[in-house]
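Input: a single structure, listed below in structure tokens.
The values are calculated or read from the model by the stated rules, or taken from the named source; none is laboratory data. From a predicted model like this one, the values you see are computed outputs, not experimental measurements. FYI the Cβ positions are ideal-geometry reconstructions off the backbone, even for glycines, and counts take in every protein chain you see. All accessible areas refer to the heavy atoms of the entire protein, side chains included, with ligands and DNA or RNA removed. Shrake-Rupley method; radii C 1.70, N 1.55, O 1.52, S 1.80 Å.
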Amino acid sequence: MADGQEWRVRQGGPIALWDRVEGALIAWEAAGSPDITAVRLRVTQATHRYWIEGEPRTIWEHHLD
């Protein structure tokens, strides 16, 4: 639910998913909100790793279990 300039979010479950989404958004904005063409992807049997070139705060990794 939107509340002025902020969102009110309720989280549940084993992972604070909204915290991760918000962190990714903040890192992307800090990197200058680059275009999708700046995003890199490396896929292995164990993980999918995404990042924005030259921005170490923008590394996201999804482990495949």
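Data overview
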{"read-out": "Number of the exception - Arg42 against (1) modelled with pLDDT under 90; (2) open to solvent by 60 Å² or more (accessible area, probe 1.4 Å); (3) assigned to a strand (DSSP E or B)", "value": "(1)"}
{"read-out": "Test: Thr47 is under 26 Å from Asp65 (Cβ atoms) and either modelled with pLDDT of 90 or more or open to solvent by 90 Å² or more (accessible area, probe 1.4 Å) (or both)", "value": "yes"}
{"read-out": "Qualifying residue in the range 17-29 (condition: in a strand (DSSP E or B) and open to solvent by less than 90 Å² (accessible area, probe 1.4 Å))", "value": "no"}
{"read-out": "Scope the range 50-65; condition of a type in the set (A, V, I, L, M) and exposed (fewer than 12 other Cβ atoms within 10 Å of the Cβ); matching residues", "value": "Leu64"}
